[in-house]
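The values are calculated or read from the model by the stated rules, or taken from the named source; none is laboratory data. Since the structure is predicted, the reported quantities are computational estimates derived from the model, not experimental observations. In this analysis, Cβ positions are derived from the backbone assuming ideal geometry, glycine residues included, and neighbour counts consider all displayed protein chains.
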Amino acid sequence: MSNNIKYITGIKDNHIILDKSKDKFSEFADFTVLNCVQNFNSPKRCPNCGFNMVKNGKTPQVLILCPKMAAKPLYMGIRKQKFICKNCHSTRVFPILGVEEHCSISNYIKQQIVVNFKRTTSMKDTAFEYSVSSNTVQRCLESTEDTLNRVKKSLPNAIALDDFNSGTNITDKMSMLLINADTHETIDVIQSRRDAALRSYFLRHYSRRERQKVRFVIVDLYQPYRNLIHDLFPNAKIIADKYHVVLQVSRVLQSTRIAVIRKFGLRSHEGRALKRYWKLLMKDSTELDFMHFNRRPNFKHSLLCDEDVVNRLLEMDEELKEVYNYYQEVLYALRSKDAERFSDIINQKLSTIPSRMRNAHRTLRKHKEEILLTLTHNYTNGPIEGKMNKIKVLKRVAFGFRSFKNFRLRILLSSQATTLNIKDKKRKKITAKQLVLQAT
């Protein structure tokens with residue numbers, strides 16, 4: 001086989017040559033056929049008796065699906081070599097390297113379909129791209145189930161946990177994503193976030209010695225996880241993610257702004273201004289623009305900078321101003337990683353806190369030690385939140401998943417989890433990331 005045929009078809013069988021009795025290509029309306037023939041120079045041994053076999057003509061042309069050429073499906077039309085043994089009179093047709101027996105799709109196409117799972121595309125779009133059926137794509141996905149295994153049953157120094165909605169069609173609506181907080185690699189996807197399911201998973205897959213190696217666990221402020229983490233990882237410290245800390249106070253600021261709008265009325269001057277410039281209220285005060293002045297429609301087209309607009313909004317309601325100041329103090333303490341300043345905020349008397357902010361203040365005080373750890377360490381749930389966004393896109397593109405098994409495989413393949421390995425037929429271990437690099 002020439003290098004050009006290998007490059008075009010992805011089939012690297014050295015016994016395939018062009019069929020000289022036909023044109024090189026046969027053009028059809030919807031596809032193209034590359035006419036080839038199987039040719040063996042050396043005699044083949046009979047698998048039954050061991051005697052040399054002799055050639056006995058060619059088989060009718062069979063079509064093998066290959067990568068597209070010029071935006072049209074390309075098939076390799078091969079006439080296979082038939083052999084006959086003159087000793088035992090048995091016949092034989094030898095398979096093509098790179099194509100499974102009784103299959104009309106090359107292994108290269110199947111490999112490309114598996115590699116394509118790292119993209120957030122639907123099964124039907126993948127099937128259309130490679131000119132196969134949706135059932136073929138489904139079989140390619142299921143073929144990775146047995147080959148996606150953990151390399152070793154060990155846990156990293158720091159892990160991050162977060163839950164996501166896996167869909168109403170799945171038994172447990174909320175599932176859990178587990179990643180390495182240092183390398184941001186996906187470790188696994190757990191079907192349920194329930195206490196019994198998480199305990200069963202970690203106790204079944206990891207020994208106590210491995211679980212004792214975990215030093216940090218990064219999670220949100222969901223309270224039921226605390227007892228579970230302390231039991232499963234006795235030496236681990238819990239770090240509360242900064243994003244969820246800010247989320248607690250920002251939600252209060254938003255609810256206060258909406259309450260003020262309802263107080264004045266949506267059609268009032270105050271209501272329209274608070275609705276139009278809400279993003280400036282949520283912005284960090286140090287990032288407000290005070291150099292450029294623009295005409296503001298809600299303030300009689302006065303020339304105002306962003307800082308002037310915020311000051312005028314806060315003058316509309318005293319409670320809004322107090323909540324805003326508390327919100328900015330928390331932002332500044334987290335941004336500057338000032339543990340002492342954050343402790344002073346948390347240790348304030350509840351009577352001095354705005355009434356709308358008191359529930360959030362109690363929550364922050366309850367998780368004070370966990371929040372202080374995030375100021376002294378660089379761990380965050382940012383990487384896992386990014387993966388969550390990709391999972392949501394994947395689920396939306398697929399219009400939901402009925403089977404958690406398929407959903408889990410798509411997540412692991414799309415995240416290119418390097419802690420999971422793919423084994424080929426030669427038992428050679430290659431990671432999912434290496435598989436993607438080889439194919440691209």
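Got a sec? Which of Ala71, Ala127 is hydrophobic (A, V, I, L, M, F, W, C), in the same structural domain as Ile11 (by TED's automatic domain parsing) and closer than 30 Å to Arg396 by Cα? Spell out the reasoning first.
Details: Ala127 fails: in the same structural domain as Ile11 (by TED's automatic domain parsing).
It is Ala71.
A Cβ distance below 8 Å, combined with a sequence gap of six or more or placement on separate chains, defines the contacts here; from region 318-335, residues that are on the phi < 0 side of the Ramachandran plot reach residues that are basic (Lys, Arg) and in a helix (DSSP H, G or I) in the pairs Glu319/Arg356; Leu320/Arg257; Val323/Arg356; Glu329/Arg341; Tyr332/Arg341; Ala333/Arg341; Leu334/Lys242.
Collect the residues in region 310-347 that are part of a loop (DSSP other than H, G, I, E, B) and either among the small types (Gly, Ala, Ser) or within 23 Å of Val260 (Cβ to Cβ) (or both), keeping them in residue-number order.
Filtering region 310-347 down to residues part of a loop (DSSP other than H, G, I, E, B) leaves 315-317, 337-338, 347.
Within region 310-347, Glu315, Met316, Asp317 qualify.
Restricting to region 201-222, give me the number of residues that are part of a helix (DSSP H, G or I) and either more than 24 Å from the chain's Cα centre (by Cα) or under 26 Å from Asn378 (Cβ atoms) (or both).
Start the filter on region 201-222 by keeping residues that are part of a helix (DSSP H, G or I), which leaves 201-205, 208-212.
Going one step further and asking which of them are either more than 24 Å from the chain's Cα centre (by Cα) or under 26 Å from Asn378 (Cβ atoms) (or both), we end up with 202-204, 208-212.
Summing the residues that are part of a helix (DSSP H, G or I) and either more than 24 Å from the chain's Cα centre (by Cα) or under 26 Å from Asn378 (Cβ atoms) (or both) in region 201-222 gives 8.
Within region 227-255, the set of residues being surrounded by 18 or more Cβ atoms within 10 Å (Cβ to Cβ), out of contact with any Phe, Trp or Tyr (no Cβ under 9 Å at 6 or more places or on another chain) and small (Gly, Ala, Ser) comprises just one member, Ala240.
Is there a residue being more than 30 Å from Asp30 (Cβ to Cβ) and touching a Lys or Arg at 6+ places or on another chain (Cβ under 7 Å) anywhere in region 69-80? Within region 69-80 (the criterion being more than 30 Å from Asp30 (Cβ to Cβ) and touching a Lys or Arg at 6+ places or on another chain (Cβ under 7 Å)), the answer is no, since none of the residues qualifies. Residues of region 355-413 that are touching a helix residue (DSSP H, G or I) at 6+ places or on another chain (Cβ under 7 Å), part of a loop (DSSP other than H, G, I, E, B) and either free of Cβ contacts under 8 Å to residues at least 12 places away in the same chain or not hydrophobic (A, V, I, L, M, F, W, C) (or both): Thr380, Asn381.
In the list Arg199, Arg193, Arg211, Arg215, which residue meets the criterion of being closer than 27 Å to Glu369 by Cα, in contact (Cβ under 8 Å) with a residue 12 or more places away in the chain and surrounded by 19 or more Cβ atoms within 10 Å (Cβ to Cβ)?
Arg193
There is no residue in region 223-239 that is among the β-branched types (Val, Ile, Thr) and over 30 Å from Ser154 (Cβ atoms).
Please specify each residue of region 274-300 satisfying the condition of being among the hydrophobic types (A, V, I, L, M, F, W, C) and in contact (Cβ under 8 Å) with a residue 24 or more places away in the chain. Even if it seems obvious, please write down each step before you answer.
Filtering region 274-300 for residues among the hydrophobic types (A, V, I, L, M, F, W, C) gives 274, 278, 280-282, 288, 290-291, 293, 299.
Result: Leu274, Trp278, Leu280, Leu281, Met282, Phe299.
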